[in-house]
1. Place a label point 7 angstrom from the Cα of residue A:282 along the Cα-to-Cβ direction, then list the residues of the stretch A:313-331 whose backbone nitrogen is under 19 Å away.
2. Using alpha carbons only, how many angstrom separate the centre of the stretch B:110-133 from the centre of the stretch B:224-248?
3. Can you grab the distance from the C-alpha centre of the stretch B:257-275 to the C-alpha centre of the stretch A:104-183, Å, no decimals?
4. For the protein assembly as shown, just say rounded, prolate or oblate: build the C-alpha gyration tensor, square-root its eigenvalues into a ≥ b ≥ c, call rounded for a/c under 1.5, and beyond that prolate if a/b exceeds b/c, oblate if not.
5. With a cut-off of 8 Å between alpha carbons and a minimum separation of six or more residues, what is the relative contact order of chain B in percent?
6. Take the alpha carbon atoms of the stretch A:299-340, find their center, do the same for the stretch B:296-368, and report the distance between the two centers in whole angstrom.
7. When the helices in chain B are scored as -39500 (n - 2.57) per DSSP H run of 4 or longer and the sum is shared across all residues, what 222 nm value do you end up with, to the nearest 500 deg cm²/dmol?
8. Mind pulling the angle between the C-alpha long axis of helix B:56-82 and the longest principal axis of chain B? Nearest 10 degrees, somewhere in 0 to 90.
């Protein structure tokens with residue numbers, strides 16, 4: 001005789017517990033029936049043994065796996081590619097603890113979830129005896145037993161005011177759909193790992209600019225020189241910046257000379273002297289004497305050469321770029337021209 | 001309706017119920033969801049109906065927030081194309097609103113799990129109907145937050161370099177780095193929060209499956225995994241949820257601690273503080289509980305969940321918010337007084353910036369919103385159950401906590417040990433747009449979720465209602481909870 005399943009739907013938990021005790025009296029073992037409900041009902045209320053579960057055991061396995069993975073990641077990869085940071089050891093203990101904690105918890109919780117799926121045999125693809133009223137107003141008692149007992153169980157259900165009874169053949173042990181599901185999960189994971197491997201091991205090479213060396217760049221002493229971006233450098237001069245005035249754009253008007261004189265007295269006079277003869281007050285503390293600006297050597301320089309010297313400095317002379325605005329250089333140059341002997 | 005009409009197990013057990021007693025029972029029913037069971041199908045419909053309902057407000061919200069999501073995508077693409085230079089990020093403030101948003105949205109994502117897990121572990125019975133709404137704030141808040149390190153990257157497409165993948169060049173991420181810890185912590189928290197939500201959703205998805213047709217039926221049937229509510233299914237589910245409850249609380253604490261270490265490990269004045277870990281955790285809970293409060297008030301109003309979300313829930317949340325406000329003030333004071341007493345040159349400048357500089361209005365607004373408003377309002381039990389008041393207080397808390405993070409990131413960062421490199425950060429359009437759009441993204445995702453999934457964990461509510469009853473002591477009826485162990 002074949003096994004069959006009977007599902008009785010009740011309104012009240014009292015009816016279910018009374019039905020359970022009668023079903024037991026009919027000679028059925030506790031493993032042959034289960035209660036279906038829309039909220040968890042404690043096993044003591046139902047008068048049943050606590051169901052076995054291996055969720056906690058799976059969680060423990062997950063914790064151990066997680067801890068080992070974390071250790072392998074921190075310690076193992078540190079050994080594979082030793083990278084000293086701030087004089088910390090290659091395998092630093094405090095960061096190891098942090099990473100271990102996180103990955104351990106990750107393993108624990110993921111495996112608890114996985115354990116829940118496995119011990120409930122989720123997902124279910126085979127047809128199950130069930131009524132949508134169970135998530136509504138009913139509590140179900142599902143019994144699986146030999147067909148010849150069916151009438152007796154139905155009578156028990158009816159005696160306890162079951163308002164609906166369903167009958168179905170025995171639940172199949174195998175669930176081919178579930179098997180296919182888990183194999184496809186494995187297949188997807190393997191495929192994902194494989195595809196990732198193809199990329200990270202450069203078997204499929206995407207010409208991403210992933211190395212700085214591969215970027216468009218210009219090596220040392222290598223031409224052609226790129227023009228500086230417009231207005232990139234607020235300094236003017238012949239050689240420094242393309243496209244900027246090479247000759248003095250400021251006429252030597254009395255205004256310009258007056259400005260030049262003031263700038264000269266502030267920035268130049270202490271070394272070069274008031275007449276530019278190289279005899280300023282600071283000369284006595286200098287090893288290299290300042291140039292005589294009235295000399296023909298200096299006066300024969302082009303304007304933009306003098307511009308460069310003001311901007312860049314020359315020998316002991318510091319750059320005046322921080323003291324003077326570059327457009328004021330021309331006024332100073334105009335003034336220096338008046339110092340010619 | 002008379003008491004005995006309901007399937008509630010214990011309230012009907014007053015056969016001698018006289019009129020005065022019946023009035024008291026009715027009062028208790030009104031106050032407490034756990035004492036007010038309704039017929040199962042009626043409760044199902046109250047949860048399912050809002051999932052099908054559409055309105056002009058819904059479409060307008062979806063269009064507005066959807067538009068913001070598109071703006072997010074466009075702005076982020078433009079930023080990837082032209083580079084981070086189009087933002088206002090500039091030496092010395094290289095961590096701008098993107099990092100503020102990271103901290104803020106992770107904070108928003110903190111309360112959900114805390115409410116759900118900690119209140120479950122401590123057996124706070126009023127948590128039952130609110131846990132789902134809170135957990136979803138966590139999930140979407142975290143997703144929004146997790147996008148920000150990517151948005152903030154100069155080369156966003158390199159983000160997978162954080163994953164320790166074996167590779168040809170034998171390069172591994174540096175586990176010395178707090179940013180790496182951050183990555184590990186956030187991925188743990190996010191993935192486990194998603195599973196946690198799914199676990200508690202499972203019986204409710206089965207409920208939705210049993211009450212739907214068409215594409216929804218196929219969708220729920222696939223997600224319900226064949227759930228029937230058998231004894232062993234419940235037991236396995238509850239065991240797994242126990243593991244998550246006790247597992248996710250320490251992870252939650254670790255996440256915001258590690259986020260604070262992103263700052264505290266740097267020797268930047270204003271950041272280099274040992275109290276940053278717990279201080280950030282409390283701040284996260286504070287802003288998170290406020291965010292959950294906003295979500296609950298809107299859900300109650302818009303999904304008509306008045307039966308499930310009652311005064312007791314908002315009162316409980318409001319007390320929680322008040323305690324967190326005090327705790328935040330305590331930690332902030334700790335973080336303030338030590339550098340103040342030490343009077344280091346840079347710390348002094350930073351404090352002057354807060355008290356007198358450009359940050360002055362922000363700083364005072366922060367103190368006002370985080371301390372004065374919550375403490376000044378929530379001590380009063382009448383205001384604690386006035387939803388409009390709670391909504392405004394929670395908005396203040398959001399503003400205050402956003403400013404707090406803003407002052408920590410671009411505020412402190414603008415001043416360092418080298419005065420020559422001080423500078424003020426000025427927000428530009430791209431990062432401002434992405435910041436606003438992220439709020440849109442959060443709302444968009446949340447609204448879509450409420451269209452698809454039951455927002456009330458019905459099975460938890462039913463379990464609570466099965467466990468609670470009334471006991472007559474003298475002239476009073478007192479709520480009791482029975483729990484077989």
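1. Counting backbone N atoms under 19 Å from the label point, the list is A:313-326, A:329.
2. 16 Å
3. 53 Å
4. Numbers: a/c = 3.21, a/b = 2.27, b/c = 1.41.
Verdict is prolate for the protein assembly as shown.
5. Values: 619 pairs, mean separation 141.0, N = 485.
Dividing the mean separation by the residue count of chain B yields 29 percent.
6. Comparing the Cα centres of the stretch A:299-340 and the stretch B:296-368, I get a distance of 59 Å.
7. Values: 17 runs with 313 residues, N = 485.
One gets -22000 deg cm²/dmol as the mean residue ellipticity at 222 nm.
8. Computed tilt is about 30 degrees.
Values quoted throughout were computed directly from the atomic coordinates according to the rules given, and no laboratory measurement underlies them. Note that the structure is a prediction, hence the values are computed from the model and not measured. When we count neighbours, we look across all protein chains shown, and the Cβ atoms used for this are built from the backbone with ideal geometry, even at glycine.
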